[in-house]
1. Would you point out which residue out of Leu9, Leu26 is in contact with a Gly (Cβ under 9 Å, 6 or more places away or on another chain) and among the hydrophobic types (A, V, I, L, M, F, W, C)?
2. Check every one of the helices (runs of 4 or more DSSP H) wholly within the chain and list those with 1 or more residues that are open to solvent by less than 80 Å² (accessible area, probe 1.4 Å) and in contact (Cβ under 8 Å) with a residue 24 or more places away in the chain.
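The values are calculated or read from the model by the stated rules, or taken from the named source; none is laboratory data. Because the structure is a prediction, the values reported are computed rather than measured. All Cβ positions, even for glycine, are placed from backbone atoms using ideal geometry, and neighbour counts span all protein chains on display. Quick note on the areas: whole protein, heavy atoms, side chains included, nothing else; ligands and nucleic acids left out. Shrake-Rupley method; radii C 1.70, N 1.55, O 1.52, S 1.80 Å.
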Amino acid sequence: MNEAELRALFDEIDTDGDGRISIVELAEGFKAEGAQEHLAEEVEKAMMADVNHDGVLDFEEFRTLLK
């Protein structure tokens with residue numbers, strides 16, 4: 001996935017447009033992709049990319065998560 005595709009996906013998940021993906025937005029993004037069976041585990045695993053522990057993923061953390 002190139003930079004533009006990553007940014008487009010980030011912006012799609014960041015539904016409130018604040019430049020950060022919250023746990024709720026992340027869960028909704030996973031649901032939209034059909035990942036409902038293990039949703040809590042997937043969100044928890046993804047939030048491990050929150051290196052500054054502010055409870056949200058910024059674009060750099062999101063990029064690291066998807067690499």
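1. Just a single option satisfies the conditions, and that option is Leu9.
2. Passing ranges, in order: 3-13, 23-32, 59-66.
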